[in-house]
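What follows draws every value from the coordinates through simple rules; no lab data is involved. For clarity, every value in this text was computed on a predicted model and none was experimentally measured. All Cβ positions, even for glycine, are placed from backbone atoms using ideal geometry, and neighbour counts span all protein chains on display.
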Amino acid sequence: MLRRGVFFAHRDLDWILDEWDKGNQFYLYTGRGPSDTIQIGHLVPWVFTKWLQDQFKVKVLFQLTDDEKFLFKENLSLREAHGYAIDNALSIIALGFDPKLTQIMIDTDNAKTLYNNALPISKQVTFSTVKASFGFDNSQNLGSIFYTCIQAVPAILESVRSGRNVPCLIPHAIDQDPYFRIARDVFPKLGYYKPASIQCKFLPSLTGVEGKMSASDPNQTIFITDSPDTV
């Protein structure tokens, strides 16, 4: 994936590796907005994260954002979103992450931890910043605005738990970069390291490289539950 440029950009990856050389172990954080289907494009950052875990023997925090899906999907109930998260967790486990070094966090099941640590972050983030970063307007629901801070929390969680600064590396698809640009601006104000990140491209659809593989169009997508004949 590195050689072929699937992961093509980063923020402070060199700093993470320098810290590793000094004996300062980092941890990995990635996530997933749960849904009823998973296609092979979704696997790209997960497989890369597992490879990094295998190479460096480090902890992975995997966030399943059922709250995000509920807030951004008009006709989705919170119960349905949570059910998707449980189902998606099984697919994540099936990739072979080290169970001793991996924590899967469903947001609504970890609300106390996430909310308590999101509050100091939220105090440093203005609505104008979120509005400019995500294109929100005044009709946006309040939960989706605050969610920005919830997604930032896992990037400081190991530092909070250990009582010392622990570097964090976030493998993610390029569309998630605005969330972590905000986090990088805020964390130093709270006494934490900026999270490092490495970004991947979208997997192209089966119809051509112009678009990305999308679960909304089964004719241009390979789902992980497809039979060999369907594929």
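Under 4 °C and 1.567 mPa s, how fast does the chain diffuse according to Stokes-Einstein, given a Kirkwood radius computed over C-alpha pairs? Answer in µm²/s, whole number.
Taking Rh from Cα pairs, D becomes 70 µm²/s.
Connecting C-alpha atoms closer than 10 Å in a GNM of the chain, tell me which of D36, D67, D21 has the biggest fluctuation.
In this elastic network of the chain, the residue with the biggest mean-square fluctuation among D36, D67, D21 is D21.
Could you run the Karplus curve 6.51 cos²θ - 1.76 cosθ + 1.60 with θ = phi - 60° over segment 205-216 and give me ³J(HN,Hα) per residue in whole Hz, x for Gly and Pro?
Taking θ as phi minus 60°, the curve returns 6, 6, 8, x, 7, 5, x, 9, 5, 9, 5, 6 Hz for segment 205-216.
Once you've got the GNM for the chain with C-alpha springs shorter than 10 Å, pick whichever of T65, T221, T49 has the biggest mean-square fluctuation.
Maximum among the listed residues: T221.
Could you state the number of Å between the C-alpha centres of segment 124-151 and segment 1-49?
For segment 1-49 versus segment 124-151, the Cα centre distance is 25 Å.
Can you compute the helix-only [θ] at 222 nm over the chain? Use -39500 (n - 2.57) per DSSP H run of at least 4 residues, normalise by all residues, nearest 500 deg cm²/dmol.
Helix contribution divided over all residues of the chain: -13000 deg cm²/dmol.
What's the magnitude of the charge dipole for the chain around its Cα centre, counting Lys and Arg as +1 and Asp and Glu as -1 at the beta-carbon? Answer in Debye, nearest 20. All intermediate terms of the calculation are to be shown ahead of the outcome.
Details: 23 positive and 25 negative charges, 161 e Å.
That gives a dipole near 780 debye.
Take each of the peptides 99-105, 153-159, average the number of other beta-carbon atoms within 10 Å over its residues, and list them starting from the highest.
Per-residue Cβ counts within 10 Å, averaged per peptide and sorted highest first, yield 153-159, 99-105.
GNM on the chain, C-alpha springs below 10 Å: top fluctuator among K212, K59, K50?
The residue with the greatest mean-square fluctuation here is K212.
Please state the relative contact order of segment 1-88 as a whole percent: Cα pairs under 8 Å, 6+ residues apart? Provide the component values of the computation, followed by the final result.
Details: 78 pairs, mean separation 27.2, N = 88.
The normalised contact order for segment 1-88 reaches 31 percent.
Could you point to the residue in G191, I121, P218 farthest towards the positive end of segment 7-220's charge dipole, with +1 and -1 charges on the Cβ of Lys/Arg and Asp/Glu respectively?
Sorting the options by dipole projection puts first G191.
Treating cross-link reach as a plain straight distance, find the lysines whose alpha-carbon is under 16 Å from the alpha-carbon of K59, omitting any fewer than eight places away in the same chain.
Of all the lysines, those that pass the test against K59 - Cα under 16 Å, at least 8 places apart if same chain - are K50, K100.
Run the dipole for segment 108-165 about the Cα centre, Lys and Arg Cβ at +1, Asp and Glu Cβ at -1, nothing else charged, and hand back the magnitude in debye, nearest 20. Could the numbers behind the result be given before it?
Details: 5 positive and 3 negative charges, 42 e Å.
The dipole of segment 108-165 has a size of about 200 debye.
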